[in-house]
Amino acid sequence: MIEVKDACYTYEAGTAMAVNAIDHITTTIPDGQFIGLIGHTGSGKSTFVQLLNGLIKCSSGQVLYNGEDINADGYDRRNLRSHVGLVFQYPEHQLFETDILTDVMFGPKNQGLSEEECRERAKEALLSVGFSERHFSQSPFDLSGGQKRRAAIAGVLAMRPDVLILDEPTAGLDPKGRDNILEMISELNRTHDITILLVSHSMEDVARYVERIMVMDSGHFILDGAPAEVFAQAEKLEEVGLAAPQITYIMRKLKARGLNIQTDALTYEEAAEEILKHRSELEALRTQE
Amino acid sequence: MIQIRNLIHDYLRRDEEGNVEGSQRAVDHVDLDVHAGEFIAILGHNGSGKSTLAKHINALLYPTEGTVTVDGMDTTDDQYLWKIRQEAGMVFQNPDNQIIGQVVEEDVGFGPENMGVPTEEIWERVNESLRIVQIEHLRKKSPNRLSGGQKQRVSIAGVIAMHPKCIIMDEPTAMLDPSGRKEVIRAARALNAVEGITVILITHYMEEAIYADRVFVMDQGKIAMQGTPREVFSDVERMKKLRLDVPQVTLLADALRQKGLDLPAGILTADELADALGLKPQNKPRKTESTDQKDTI
């Protein structure tokens, strides 16, 4: 569990350029949750996730991991980073080894594990992101965009994190590649019980997969709740440069045209189900014509 | 405007001595015509060849076989190189790699300055370009202080300032948040509708393609599908097989149709769905909730 208590982070503190990137945040990330973190560019998302795994230290306030202050003197932050794994944007740019197995072994090697243990973990991580044994010896540079992305995520998974933070893992991928990555992340959450914090600009992705959405603006959270609750506030999201998923606007349009439906569907399947509840109403409309 | 005839492009793999080891065909016998003033969308999965194809249009790549002509100029003819790059401008995915000026207006003026346009005209062009993408208020700002959508519009303004006939945008919205995406697509549509500039938009967001006059779908270096957005998005199955998607409203209409509702294929907007369901526009529209997010892109 991660607890953030009244945390602030200021860039260029003490100068005229000082910016409060994180502004008095208090929140808790319980074990096993699948969270979507959304906010416009520059809202503070990336700064926030770096605070969580100790890459940067809050200017004031605290970040606790399993009850311990990660910024306390003597706390092993290096070790923390294997528990709270962070996958940066475009992580495939960080692939560098001659074959993907060796590349994925890099993380656990840095943790000081034996060659054999590293190999074991790397294999497991690659299998869990959908590679098969025959891929292990391939050069990372011969992989497709989506495969590279998955190999890079495996590199973090091989450290067996309890919490996995992904910063826009689907940016630039085609729809199928995007779905594959999100399915895989969802699977890690369900079967390996890894806590997931997904930073995303796609409201559709977030709506479909996560159980909780945190909305960031100007360094703090303006909304935090279940997807249906958050997306009910479409106007508030638009004010901060975001939007509700398209399906929300479609349902609202149908309602505004007089169909008495609930507008909280998060996926097109849910929307179809809701609309079909009003089948007789729709058929009556037709016969009127 | 643009004629592509039997285009083939092979990427060569070389060993350490520079000898050719093998090749990979990225574009495979493509024929494509783009007419002046059209808005074209090119879709296709990662590695399908769309960027390779696009780079031929402004002579960043040359055909292995076949020809590409822009406004009658063959891209392999060196004497036309700069003329072609001026007429067919390109905007890439990452705005940070395209902006060089310290101040927005300086960055936008860089292209025309490089072309040797007289100073006074450069400023006219800068003003005009900033106006078209609606960032006049940012002209004195430093580009690195801007949002992603604003930066990308600076890149577009920089291309407009060269007075191109055509702009090729290679996933210009891939790295942007929802409002940034909207800003860029709105700019692209204005460019096309108001200024009459031919736009070729490469994207992974299916919703952005619904405004196009024609959509081309690439797969394995070939054009797998083409037609109006409605024609292309009507075939949900085929699009999914090509690792793509269709707009959410099209998926929803498709799901309803499968459950027996009588709806046409290829519904592209919420309004079309409402119409097809027989829902009449209300006399007194309730203005309390926003319903038009999609339509205002």
Condition check for A:K236: in a helix (DSSP H, G or I), open to solvent by 40 Å² or more (accessible area, probe 1.4 Å), more than 30 Å from A:L51 (Cα to Cα) and not polar (S, T, N, Q): no
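Scanning region B:245-260 for residues that are closer than 14 Å to A:A271 by Cβ and at the interface with chain A (Cβ under 7 Å from one of its Cβ atoms), which turns out farthest from the chain's Cα centre (by Cα)? Outline the logic, then answer.
Residues of region B:245-260 closer than 14 Å to A:A271 by Cβ: B:247-259.
Adding the requirement that they be at the interface with chain A (Cβ under 7 Å from one of its Cβ atoms) leaves B:248-249, B:251-252, B:255-256, B:259.
On the way: B:Q248: 20, B:V249: 21, B:L251: 23, B:L252: 26, B:A255: 29, B:L256: 31, B:K259: 35 Å.
Per the criteria, the residue is B:K259.
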Region A:226-267 - residue that is more than 13 Å from A:I38 (Cα to Cα) and β-branched (V, I, T) and, of those, farthest from the other protein chains (Cβ to nearest Cβ): A:I261
A:A154 vs. criteria at pLDDT 90 or above, farther than 21 Å from A:S46 by Cα and open to solvent by less than 10 Å² (accessible area, probe 1.4 Å): no
One residue from B:Q79, B:Q86, B:Q134 being out of contact with any Asp or Glu (no Cβ under 9 Å at 6 or more places or on another chain) and open to solvent by 60 Å² or more (accessible area, probe 1.4 Å): B:Q79
Close pairs (6 angstrom Cβ cut-off, 6 or more residues apart or separate chains): closer than 15 Å to B:A26 by Cα in region B:56-69, in a loop (DSSP other than H, G, I, E, B) anywhere: B:Y62/B:T76
Residue within region B:24-42 that is more than 23 Å from B:I210 (Cα to Cα) and of a type in the set (D, E, K, R) present: yes
Subset of region A:51-76 that is over 17 Å from A:K5 (Cβ atoms) and not small (G, A, S) - its residue that is surrounded by the fewest Cβ atoms within 10 Å (Cβ to Cβ): A:D73
Strands (runs of 3 or more DSSP E) contained entirely in region A:1-88, each with at least 1 residues that are over 17 Å from A:M216 (Cβ atoms) and touching a Gly at 6+ places or on another chain (Cβ under 9 Å): A:2-11, A:60-65, A:84-87
The lone exception for B:G158 - which of (1) at pLDDT 90 or above; (2) touching a Leu at 6+ places or on another chain (Cβ under 7 Å); (3) crowded, with 24+ Cβ neighbours inside 10 Å it fails: (2)
Conditions (1) free of Cβ contacts under 8 Å to residues at least 40 places away in the same chain; (2) closer than 22 Å to B:V246 by Cβ; number of the one not met by B:F39: (1)
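Filter region B:89-131 down to the residues that are within 14 Å of chain A (Cβ to nearest Cβ), open to solvent by less than 60 Å² (accessible area, probe 1.4 Å) and out of contact with any helix residue (DSSP H, G or I) (no Cβ under 7 Å at 6 or more places or on another chain), then identify the one that is modelled with the highest pLDDT. If you could, list the steps in order and put the result at the bottom.
Of the residues in region B:89-131, the ones within 14 Å of chain A (Cβ to nearest Cβ) are B:92-97.
Cutting the leftovers down to open to solvent by less than 60 Å² (accessible area, probe 1.4 Å) gives us B:93-95.
With out of contact with any helix residue (DSSP H, G or I) (no Cβ under 7 Å at 6 or more places or on another chain) added as a condition, the list becomes B:93-94.
Values: B:Q93: 86, B:N94: 83.
Within region B:89-131, the match that is modelled with the highest pLDDT is B:Q93.
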Qualifying residue in region B:179-190 (condition: more than 9 Å from chain A (Cβ to nearest Cβ), basic (K, R), over 20 Å from A:H201 (Cβ atoms) and assigned to a strand (DSSP E or B)): no
Top-ranked residue of region A:208-225 - restricted to ones that are assigned to a strand (DSSP E or B) and open to solvent by 40 Å² or more (accessible area, probe 1.4 Å), ranked as farthest from A:G44 (Cα to Cα): A:D224
Within region B:20-69, tally of residues that are surrounded by fewer than 16 Cβ atoms within 10 Å (Cβ to Cβ), within 16 Å of the chain's Cα centre (by Cα) and of a type in the set (G, A, S): 1
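The values are calculated or read from the model by the stated rules, or taken from the named source; none is laboratory data. Worth saying up front: this structure is predicted, and the values here are computed from it rather than measured. All Cβ positions, even for glycine, are placed from backbone atoms using ideal geometry, and neighbour counts span all protein chains on display. The protein model used for the area step is the full one, side chains on, heavy atoms only, and it has no ligands, DNA or RNA in it. Shrake-Rupley method; radii C 1.70, N 1.55, O 1.52, S 1.80 Å.
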